[in-house]
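What follows is a short report on a single structure.
The values are calculated or read from the model by the stated rules, or taken from the named source; none is laboratory data. As the structure is a computational prediction, the values presented were derived from the model and not from experiment. In this analysis, Cβ positions are derived from the backbone assuming ideal geometry, glycine residues included, and neighbour counts consider all displayed protein chains.
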Amino acid sequence: MSNTEHPSAPPMTFAERHASQIRQVRLYAHMFRGSFSSMLGLALVIAFLFLAAFGPWIVPYPEDTLGAVHMGSRLLPPSAEHWFGTDEMGADIFSRVIVGARTSLWIGIVITGLGALVGVPLGIIAGYKGGWVRACIMRVTELFLAVPGLALALAIVASLGPGLTNCMVALAIVWWPGYVRLVEAKTLAVKEELFVESARSIGARTPWILWHHILPNCLSPIIVKMSMDMGMAILAAAGLGFIGLGAPPPAPEWGAMVSVARSYMPDWWWYSFFPGAAIFLTVLGFNLLGDGLRDILDPRSHTR
Amino acid sequence: MSDTLLDIDGYSLDIATFDGPLHVLKDINLTVRRGDTLGIVGESGSGKTVLVRSVMGIGPKNSDVKAGTITFDGQDITRLSDKGWAKIRGVRISMIFQDPMTYLNPLFSIGRQISDVIAAHERAAGEGVSPKSARRHRTEELLDQVGLPNPADLFDQYPHQLSGGMRQRVLIAMALAGKPDLLIADEPTTALDVTVQAQVLDLIKSLVKKLNLTVVMISHDIGAIATIASRCAVMYKGEIVEQGETNDILGNPQHDYTRQLLAAVPDIEAKPARLMAAEAASEAPSKPTKLLEGMNLRKVYKTRAGGEFTAVNDISLAVNTGEIFGVVGESGSGKSTLARMLLRLVDPTAGDIIFEGQNISGIAGEPLRKIRQHMQFVFQNPHSALNGRHTIGDAIGEPLRIQRTMNRRDINARTEALLDIVQLPRNFKYRYPHELSGGQKQRVCIARAIALNPRLLILDEPTSALDISVQAQVLDFLQEVRKELNLTYVFISHDLAVIRQICDRTIVMKRGDIVEQGDTEQIFLHPAEDYTKALIESGRVTSRAANMRA
Amino acid sequence: MLSFTLRKLLTVAGTMLGIAVLTFVITNIAPGDPARLVAGPNATEDMVETIRSEYGLDRPIVEQFVIYMKDLMTGDFGTSIVSTRPVLDELLRYAPATIELVLVAMLLGIVVGVPLGMLSAVYKDGPIDHVTRILSISGVALPAFWFGILMQLYFSVELGWLPVSGRLPLVARPPDMVTGSLLIDSLISGNFKTFNSALSYIILPAIVLSFPCLASILRVNRAEMIEVLQSDYIVAARAHGISSRRIVAIYALKNALLPTLAMIGLRFGWMLGSTVLVETVFDWPGIGLYAVSSALASDFKPVIGVTLLIGFLFIIANTLVDLAYAWIDPRLRRA
């Protein structure tokens, strides 16, 4: 064996050792900054997260978000005092919309998180194992995907009974199959790569391969989908709220607010306009962010 | 016939990237006269494809012409509008592409694609489009001209129904559809099997003569260039280092790079060095012991249509300890499947594998894992054999982490030692695969394979994804490693010159069967099968061209 | 080809069976007592018991399942509590309105989405591309119910151009039922006045329903076109002198159409689901509105009926997409 001892070079600095990662991050940042829509998405999401975190402390009328009634100031149009006007109970819509951000964030995290938590492992196992394991998982997945999500969620909520928690449960139940299908397809592709075979040839066990080789290479589309899904889950939950199956009225939930406001159309337009706009901007933000992330992380796969 | 058709004068081109502009072409000067056949030789990254694509106005995006001009038949086409190109591209300059699979639209029939090209040319010439039946007739004529059987049936077939060689002929027919003044061929045979390569080259050669074509052909294969081109240019890192008559350049190369390139092509005629060394030592070889045996191995795949496809058909072989065992065959001959079966990466449908006296065809789980440290695989394509998300250090250390209970420091030390063995700098352990060249990546793969001190290495075309000059280095290096670590190799290749140089015994495979086997030198000197003869003959073309100099 | 069709039919049957099982599971996931839920909060014990035996809820779960499946096979979807009519009758009454709405919206999405996607791919990073990008991303993000309300506010209330909600004015006499689609039926009977009025009613809900669909068709078509236009065979077609217009309109479009078709199938199902929102906003008398009003009244059988029907329609649409795939792609034909 050649024992040519290399002259001990000076130890490398952190920046030198990780030069390629640093370059990669800089490249991502450069690409992301170059896109107006990605930056807009990021700004909207940051604003939303800020409101969700600090909403209750910065709103002008905190008590209005808990169902306070001011009969003297019912249905006032937007003004300096009430930026978004007031509702039929005289509550400040601006305050209620801002506090609603927290509910929406919670909805988005729970549904997306549960969906990914269930769907990703199932997808990886189905894609890697093949055979009857895959057949079983994919059959069930396809079954759930065979009924449009909102229709299935409606049936589940109808069975469980209305309420915000039940809405989230129902949407989580219809959400995971999307991850299974995405991750399964990606796993099938990654599985064929030589490095997976190479890992098998050195005697790696299946869990090692899944964790070290398959999962890291599936991560980009998962991150993109989760970002998109934060928006889509909020949108779906708002839809159920609008139908009247979500949070009961005094709770500041955006979909439910639009639902109540519909009976005050068209004269008191601001009542439905602002909560709806909040949904729109939030979903738009997450979608733009996801789209921007896809452009830099996963440029080749683009179909939703 | 001496008027200038294409004149490239002082042409320089940059491509903009995140890390700044890349100087892809530097001061290119080339002249092609009517009736010329010019070959451009170069390895990957030499800029030859960018150059010919610029001539057709289909160069890469973000490219920027820094200086110089391209003149075609007296017209400056350096910066032509789309409208201007419509009269030239495909009409007066036509192109044959590298990979016939991806260059044909999968959703349209062969006939439709060719007759559309004919219609486009008629439109460009302002003649008005001829009726469908006339175009069909002309299409069938073209298909016949490129030597395809039953043009009438072929007209309605789709690309996926044809073999690679047939598809390449279709692409040639398409390129000839407009009776072009200049035909550009971009590695027209690289994606094909060696025996098919020879046929396609013959076809191009006969067409050149018959139709009096002017041809620019680029290739990394010196044999292909020598077959077709009367003049040739050598490209290296975006520059033309040498140009002139093909015979002069091959017989008397002036530039260092050309010499290196020619020297790197293995000589199929040369008597292998190993035999000469063995004769000199005149040592009686000790009685061989069998390290690995395959007995009646068979692999049958189920096709999607429900049929069966036999990849490997009842093959038996024995590999002796310390030898290099060659497996030769074209794509689809089952040699890769065989290799994977020997390592149990693919489960055989039938048959036994015996490694050091132990039957390993039935074992699974922990025993299989344990046996794997003794036998390792080096894959054909180092670019995809390394996980892009792991550093080189992780990749080399992975087998140690899986098979040994070593602490982090020992693994680190061993990784550095392995990097020394494969002659790569130690700080490469922080790098990622995409930062390394092909040859460097293959060294990393080899380091990974020898990390566990295996006894057997199966090498599946370890050099075919690499450039010729790198190929030679990796082959030499593999020999060294073998000597140092006392390894046994199973060496799979389609390149017979390489096989002759290094393998002791060889089997020749065709469609899942062994057609010939025995001592390598015997097979070369006295091939019994036509198939083997054809393989050797196709290897000779390149070898001869590269060894014209005395 | 015959075995292909046969296999498709088997898949459809299998999936329908699966959906039936799924709906049965959903009916039984509720932790509470379904009989009590149906009976309402003020019911006495006796009433709950009566309902329990009437619905067969006192029998073992397997037996309930067998009865449920048997009923479905014979077309018995149960009875609506609110209207006391068979669910199947009501589904058949409401379905044509929904199908008409979804098909008109789908048509709108394809007719506008595909060409716009093509244009923005060809003029990538140009002004058209920027406009369509904003359009497509905001289209997916728009809450359908809120967008519907805004459209009503502007086009119906502010401008007074179109009716606010409903399917036909109360005074209008609907044409004789032939296909169930008011637009087609009124054309068949030559009643152009009814046709115009039906058209004016369907425009707003169709636009609102189709907007997200249009957006995603546009996006997929654009992305696919961009990818196809960079592919080797398009480079080759360009090098062989085929004109740019022909390449885009014939060669590339056909290749890009395959993933777009998949998206159309997907979005068809999405639209069927979204009818629950859009029909609520526009008081469109379809199955979506029927499902919502039943769900709010804790009337469970109709909700399950609608779920089954929507699942069935979605499967039919997917099968049609599969057939179209095989028609376009020769590689799939021989199977």
*Answer yes if at least one residue in the stretch A:129-146 is over 16 Å from the mean Cα position of the chain (by Cα), crowded, with 19+ Cβ neighbours inside 10 Å and free of Cβ contacts under 8 Å to residues at least 12 places away in the same chain, and no otherwise.*
yes
_If I ask for residues that are of a type in the set (A, V, I, L, M) and in contact with an Asp or Glu (Cβ under 7 Å, 6 or more places away or on another chain), which ones from the stretch B:124-144 would you list?_
B:Val129
*Residues of the stretch B:516-533 satisfying the condition of being surrounded by fewer than 19 Cβ atoms within 10 Å (Cβ to Cβ) and aliphatic (A, V, I, L, M)*: B:Leu525, B:Ala528
*Would you check if there is a residue in the stretch B:68-78 being among the hydroxyl-bearing types (Ser, Thr, Tyr) and assigned to a helix (DSSP H, G or I)?*
no
*All but one of (1) within 14 Å of chain B (Cβ to nearest Cβ); (2) at pLDDT below 80; (3) part of a helix (DSSP H, G or I) hold for A:Ala29; which doesn't?*
(2)
*So which residues in the stretch C:280-335 are small (Gly, Ala, Ser), under 16 Å from the mean Cα position of the chain (by Cα) and more than 9 Å from chain A (Cβ to nearest Cβ)?*
C:Gly286, C:Gly305, C:Ala317
_Residues satisfying the stated conditions in the stretch B:521-536, i.e. part of a loop (DSSP other than H, G, I, E, B) and under 17 Å from B:Glu330 (Cβ atoms)_ = B:Pro527, B:Glu529
*Selection count, the stretch B:109-163, where residues are basic (Lys, Arg) and within 31 Å of the chain's Cα centre (by Cα)*: 1
_Which numbered condition B:Asn387 misses (of (1) within 13 Å of chain A (Cβ to nearest Cβ); (2) in contact with a Gly (Cβ under 9 Å, 6 or more places away or on another chain))_ = (2)
*Unmet requirement for B:Arg414, which otherwise passes all of (1) under 21 Å from A:Ala204 (Cα atoms); (2) free of Cβ contacts under 8 Å to residues at least 40 places away in the same chain; (3) facing another protein chain (nearest Cβ under 8 Å)*: (3)
*asked:* Can you find, within the stretch B:152-169, the residue that is modelled with the highest pLDDT among those that are surrounded by fewer than 22 Cβ atoms within 10 Å (Cβ to Cβ) and of a type in the set (S, T, N, Q)?
replied: B:Gln157
*Which of the residues spanning the stretch C:228-248 are without any contact (Cβ under 8 Å) to a residue 24 or more places away in the chain and more than 20 Å from B:Val52 (Cα to Cα)?*
C:Ser243, C:Ser244, C:Arg245, C:Arg246, C:Ile247
_Members of the stretch B:395-406 found to be more than 8 Å from chain A (Cβ to nearest Cβ) and either of a type outside the set (Val, Ile, Thr) or buried (at least 24 other Cβ atoms within 10 Å of the Cβ) (or both), listed by number_ = B:Ala395, B:Ile396, B:Gly397, B:Leu400, B:Arg401, B:Arg404, B:Met406
*Could you list all residues from the stretch B:233-250 that are at negative phi, surrounded by 14 or more Cβ atoms within 10 Å (Cβ to Cβ) and not aliphatic (A, V, I, L, M)?*
B:Tyr236, B:Glu239, B:Glu242, B:Gln243, B:Thr246, B:Asn247, B:Asp248
*Among (1) at negative phi; (2) at pLDDT below 85, which single condition is C:Gly180 missing?*
(1)
*From the list B:Ile184, B:Ile114, which residue is touching a strand residue (DSSP E or B) at 6+ places or on another chain (Cβ under 8 Å), more than 30 Å from B:Met509 (Cα to Cα) and buried (at least 23 other Cβ atoms within 10 Å of the Cβ)?*
B:Ile184
*If you check B:Ile421, B:Ile468, B:Ile392, which single one turns out to be over 29 Å from B:Leu292 (Cα atoms), among the aliphatic types (A, V, I, L, M) and within 12 Å of chain A (Cβ to nearest Cβ)?*
B:Ile392
*asked:* Can you confirm whether C:Gly180 is in contact (Cβ under 8 Å) with a residue 60 or more places away in the chain and surrounded by 21 or more Cβ atoms within 10 Å (Cβ to Cβ)?
replied: no
*Keeping to the stretch B:341-393, report how many residues are surrounded by fewer than 17 Cβ atoms within 10 Å (Cβ to Cβ), part of a loop (DSSP other than H, G, I, E, B) and among the polar types (S, T, N, Q).*
1
*Across the stretch B:77-111, what is the total count of residues that are buried (at least 24 other Cβ atoms within 10 Å of the Cβ), more than 9 Å from every other protein chain (Cβ to nearest Cβ) and modelled with pLDDT of 85 or more?*
2
_For the stretch C:286-335: of the residues being polar (S, T, N, Q) and in contact with a Phe, Trp or Tyr (Cβ under 9 Å, 6 or more places away or on another chain), which is nearest to C:Ser165 (Cα to Cα)?_
C:Ser294
*Would you check if B:Ala449 is at the interface with chain A (Cβ under 10 Å from one of its Cβ atoms), part of a helix (DSSP H, G or I), under 27 Å from B:Glu330 (Cα atoms) and of a type in the set (A, V, I, L, M)?*
yes
*Collect the residues in the stretch C:103-120 that are surrounded by fewer than 24 Cβ atoms within 10 Å (Cβ to Cβ) and within 14 Å of chain A (Cβ to nearest Cβ), keeping them in residue-number order.*
C:Met106
